[in-house]
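The values are calculated or read from the model by the stated rules, or taken from the named source; none is laboratory data. Computed from a prediction, not measured in an experiment: that's the story for all the values here. With ideal geometry, Cβ positions are generated from the backbone for all residues, glycine too; neighbour counts draw on all protein chains shown. Just so you know, the surface numbers come from the protein's heavy atoms only, side chains and all, with ligands and any DNA or RNA stripped out. Shrake-Rupley method; radii C 1.70, N 1.55, O 1.52, S 1.80 Å.
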Amino acid sequence: MSRSPECIAMLLAGGQGSRLGILTKNIAKPAVPYGGKYRIIDFPLSNCVNSGIYTVGVLTQYQPLELNDYIGNGQPWDLDRENGGVHILSPYQQISGTTWYKNTANAIYQNINFIDRYSPQYVAILSGDHIYKMDYSKMLAYHKEKQADCTIAMLEVPWEEASRFGLMFTDKSGAITAFEEKPKVPKSNKASMGVYMFTWAKLRQHLIDDENNPDSGNDFGHDLIPAMHRLGERLFAYPFDGYWKDVGTIDSLWEANLDLLNPKVNLDLSDNSWKIYSRSPAAPPHYVSGDATVQNSMVAEGCQIDGEVDFSVLFSNVTIEKGAMVRDSIVMPGTVIKSGAVVQYSIVAENAVIEPKAIVGERPEVMKNLDDWGVTVVGSGVTIGNNVRIKPKQMVDQNMFF
Amino acid sequence: MRANNVLGIIYSNAYDSAIPELTTLRTMGSVPFGGRYRLIDFALSNMVNCGMQKVGVITKSNYQSLMDHIGSGKPWDLSRKHDGMFILPPFSQSETGFYSSRIEALHGSMRFITRSDEEYVILCDCNVICTLDLDSLFEAHSSSGADITVAYKSGKAPELEDLMLFKTAEDGRITEAAVSGEGGEGAYSLNIFIMRKALLERLINEAVSLHMDSFERDIIQRNVSALKIYGYEVKGFARVLNSLQSYYDTSMELLMPDNRRALFVAGRPVYTKVRDDMPAIYGLGSNVKNSLVADGCIIDGEVENSILFRGVRIGKDAVVKNSIVMQESFVSDSVRLDSVVIDKNTVITPGKTLCGAENYPIYIGKGLII
């Protein structure tokens with residue numbers, strides 16, 4: 001180690017994302033495709049390099065194969081470096097035995113040695129499953145200005161949604177005075193984004209204390225940070241007002257993709273000063289034929305479109321045959337939608353085949369009871385046979401032929 | 001073949017003068033093509049797709065854009081500790097100056113060539129667009145026992161200075177090589193050569209000591225009977241660019257699915273510099289037909305029979321037909337374009353109309369504001 005970075009990032013990417021169902025059967029949630037060419041983890045990784053943080057530990061645990069493959073040596077994010085760069089940190093065997101990462105704080109605790117090798121002054125703890133663009137260097141400047149021990153990025157959410165989040169109360173200086181975890185009746189709408197900046201010396205001590213506390217669940221939000229607060233450490237909230245989305249559910253993943261088509265949504269991926277990097281497939285430009293109609297959609301390279309596409313996001317190498325229709329849907333790489341098939345209000349995962357005249361999903365307008373309506377999901381590699389109809393809210397995990 | 005036993009050499013400046021519009025500011029190798037590529041990508045990808053590990057890129061002038069594009073060779077996996085990509089500029093050795101011919105260029109890079117360990121060498125130009133399986137070329141070369149094998153295409157030859165037309169015997173041996181620029185019908189050279197490296201060194205040194213300067217006349221034509229020179233017919237998609245018109249026509253050919261399938265073969269990807277653009281966005285009023293669209297485009301107008309490169313914007317009520325719009329160019333609202341080739345970073349201000357003809361496309365230079 002020739003020089004110590006001031007700040008390094010630890011990216012928690014071990015989450016299963018069980019509410020994404022079959023989409024995360026074989027991949028970790030941070031590896032879920034998003035936005036036509038990205039995976040969710042591209043956002044925090046790109047934020048790191050754009051913020052000048054070039055040492056990133058990625059903590060993986062659940063189904064790490066595809067994620068490890070995707071990150072590789074970090075080259076797409078310019079994180080293939082002599083000093084620092086990206087490191088995949090999986091649980092490993094120690095003399096005291098082997099333990100999985102029990103929870104977020106425990107995962108960092110098990111990697112204290114890794115962080116010590118770089119001996120940074122500050123450590124950013126990030127989540128690998130949020131979509132947002134954020135300059136962590138500004139957050140670090142705020143952390144230093146407040147002489148904080150821990151700074152938590154905070155977003156004001158609509159009151160009606162506040163009960164889904166970990167909430168904070170702050171005084172005028174921005175210091176955190178109290179926490180409230182997913183209350184039924186929220187008294188604050190200041191939600192934690194799961195983005196933390198710590199002074200390493202402080203965090204290091206609290207990680208050890210947390211580990212030694214048999215009553216702790218070893219979670220940052222539930223255990224470690226409230227404990228720091230009780231002990232009177234300096235905790236501050238860093239206000240953030242950009243786009244931020246936790247794509248924890250099928251509906252939110254679907255929504256977050258279609259947000260990219262809404263000019264009113266504040267998430268500009270064409271901004272050259274804050275690029276989101278990803279591992280690109282080497283595919284030619286996409287082709288839209290004379291029979292096709294494409295409106296209000298996002299289309300990646302390698303697609304071949306002969307059918308109708310409206311208000312949808314198509315990933316690379318998707319084929320939409322003549323007479324097929326895709327609307328209000330997300331279609332992931334390599335999927336083929338054959339002539340006469342209709343895909344609506346759906347997420348179709350990678351390399352699926354929708355045979356002619358199959359109908360996947362339903363528009364909410366035609367539902368008698370809106371409670372029965374929801375986004376339909378077709379799993380990766382699944383074939384939906386001729387004339388098969390897949391109902392709203394269904395998740396199809398095996399080939400359906402008729 | 002053992003791919004790491006073959007050295008690749010690409011001329012990035014070959015026939016620069018054939019398309020002066022596009023090469024005033026760049027080499028032939030860095031001419032944008034097909035929505036997201038540069039011409040050199042095809043030659044480089046052919047080489048790396050058959051496993052070649054060492055490629056020298058000969059440059060002469062205007063090579064800033066080329067260096068920017070190929071960088072250290074990472075997109076082609078040619079950024080390596082051992083072998084990889086080498087840029088061979090003029091004035092690289094004390095005894096060499098500026099190149100004016102292919103022989104001088106090779107002679108100027110002789111130290112690089114002789115110091116390479118590879119047994120064979122493959123030479124390519126950048127104005128030839130094809131997806132060629134170099135393994136098969138090598139197979140043909142070794143099974144025929146040829147000294148030199150050159151790839152050719154049958155049909156109407158393009159008019160291009162010093163382009164060779166071949167007569168071949170039944171076994172593929174070239175019996176006659178005519179050097180002219182007049183075009184004609186028959187087997188014309190794609191200027192892709194394979195031979196033993198030692199033979200190339202000998203031929204170049206010989207030609208230089210005799211003050212010869214034409215690779216075509218003094219090396220190939222002169223040695224047609226002395227050496228065993230064989231032809232290798234390329235049956236798939238291969239085009240030789242010799243003018244802005246042929247650039248335009250070849251680009252437009254990509255709108256046909258069969259041509260795309262022949263050029264973009266599954267399992268033989270064409271690699272290029274990664275730009276990290278977002279996918280293309282189609283706005284509410286967009287209407288796109290029969291067009292190729294690269295990542296990063298934002299389309300709010302009408303586009304037909306056209307090719308849009310990465311990061312192109314098409315404004316509201318704009319109508320773009322039969323045109324090629326290169327990287328980062330901005331077509332404003334209510335602009336009308338027909339049969340126009342627009343170079344990079346150009347802005348067409350609102351309401352303008354520019355029309356060429358399909359057999360005479362208009363060219364708008366790089367970075368202009370119209």
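Distance check, please: which entries in A:Lys29/A:Lys368; A:Lys138/A:Lys190; A:Lys29/A:Lys393; B:Lys60/B:Lys273; A:Lys322/B:Lys156 exceed 25 angstrom between their Cα atoms? From A:Lys29/A:Lys368; A:Lys138/A:Lys190; A:Lys29/A:Lys393; B:Lys60/B:Lys273; A:Lys322/B:Lys156, over 25 Å: A:Lys29/A:Lys368; A:Lys322/B:Lys156. Remark on A:Gly85: its backbone amide H falls under 5 Å from those of A:Thr55, A:Val56, a criterion applied only to residues 5 or more positions apart or on other chains, H modelled at 1.01 Å from N. Shielding by partners for peptide A:388-398, expressed as the average number of C-beta atoms from other protein chains within 10 Å of each residue's C-beta, is 0. Relative to the longest principal axis of the Cα atoms of chain A, the long axis of helix A:136-145 lies at roughly 20 degrees. When chain B is treated as a Gaussian network with alpha carbon springs shorter than 10 Å, the biggest mean-square fluctuation among B:Asp333, B:Asp162, B:Asp68 belongs to B:Asp68. Take each residue in A:360-366, count the other chain C-beta atoms within 10 Å of its C-beta, and the mean is 0. State the answer as a single residue: which of A:Ser289, A:Asn257, A:Gln121 lies farthest towards the positive end of the charge dipole of chain A, with beta carbon charges of +1 for Lys and Arg and -1 for Asp and Glu, about the Cα centre. So the residue we want is A:Gln121. Amide H to amide H distances under 5 Å link B:Arg38 with B:Phe33, where only residues 5 or more positions off or on other chains count and H is placed in the peptide plane.
Helix B:197-209 axis versus longest C-alpha principal axis of chain B: approximately 90°, rounded to the nearest ten.
Of A:Val49, A:Val265, A:Val294, the residue with the greatest mean-square motion in the GNM of chain A, using alpha carbon springs below 10 Å, is A:Val265.
About the Cα centre, and with charges only on the beta carbon of Lys, Arg (+1) and Asp, Glu (-1), how big is the dipole of chain A? Nearest 20 debye, please.
The dipole of chain A has a size of about 200 debye.
Sparsely packed loop sites in segment B:73-155 (the trypsin sites (Lys or Arg not before Pro) outside DSSP H, G, I, E and B with at most 11 other Cβ atoms within 10 Å) comprise B:Lys81. Less than 5 angstrom separates the built amide H of B:Lys316 from those of B:Asp333, B:Ser334, all sequence-distant by 5 or more or on a different chain. Within the same chain, aspartates and glutamates fewer than 8 places from B:Lys167 are excluded, and of the rest, those with a Cα less than 13 Å from its Cα are B:Glu176, B:Glu185, B:Glu233. Among the trypsin sites (Lys or Arg not before Pro) found in segment A:181-243, those both in a DSSP coil and sparsely packed, with 14 or fewer other Cβ atoms within 10 Å of their Cβ, are A:Lys184, A:Lys187. Among B:Asn223, A:Ile112, B:Leu7, whose Cα lies farthest out toward the positive end of the dipole of the protein assembly as shown, if unit charges sit on the beta carbon of Lys, Arg (+1) and Asp, Glu (-1)? Among B:Asn223, A:Ile112, B:Leu7, the one farthest towards the positive end of the dipole of the protein assembly as shown is A:Ile112.
Rolling a 1.4 Å probe over the heavy atoms of the protein chains gives segment B:80-188 an accessible area of 46 Å² per residue. Suppose every Lys and Arg Cβ carries +1 and every Asp and Glu Cβ carries -1, with no other charges. What dipole size does segment A:147-270 come out with about its Cα centre, to the nearest 20 debye? So the magnitude is around 340 debye.
Here the label points at B:Thr24 and A:Ile95, each 7 Å from Cα along the C-beta direction, are separated by 7.3 nm in the simple model. Inter-chain neighbour count for A:276-283: the average number of beta-carbon atoms from partner chains within 10 Å of each residue's beta-carbon is 4. What you get for segment B:42-137, charging only the Cβ of Lys and Arg (+1) and of Asp and Glu (-1), is a dipole of about 300 debye around the Cα centre. Using a Gaussian network for chain A with springs between C-alpha atoms less than 10 Å apart, which of these wobbles most: A:Glu145, A:Glu211, A:Glu66? For chain A, modelled as a Gaussian network with Cα springs under 10 Å, the answer is A:Glu145. The C-alpha atoms of chain A define a longest principal axis, and helix A:250-259 lies at about 80 degrees to it.
For segment B:10-105, applying the loop criterion from DSSP together with a ceiling of 12 other beta carbons within 10 Å to the GluC sites (Glu not before Pro) yields B:Glu95.
Think of the protein assembly as shown as a dipole: +1 on every Lys or Arg Cβ, -1 on every Asp or Glu Cβ, centred on the Cα centre; then among B:Val312, A:Tyr132, B:Ile281, A:Tyr132 lies furthest on the positive end.
Tell me whether segment B:128-225 comes out rounded, prolate or oblate; compute the Cα gyration tensor, take square roots of the eigenvalues as a ≥ b ≥ c, and use a/c under 1.5 as the rounded threshold. Taking the square roots of the gyration eigenvalues as a ≥ b ≥ c, segment B:128-225 is oblate. Rounded to the nearest Hz, the phi-derived 3J(HN,Hα) couplings of segment B:154-166 under the Karplus curve 6.51 cos²θ - 1.76 cosθ + 1.60 (θ = phi - 60°) are 9, x, 7, 6, x, 7, 8, 3, 6, 5, 8, 10, 10, where x marks glycine and proline.
Exceedance of the 24 Å cut-off in Cα-Cα distance is limited, within the set A:Lys172/A:Lys275; A:Lys338/B:Lys289; A:Lys25/A:Lys338, to A:Lys172/A:Lys275; A:Lys25/A:Lys338.
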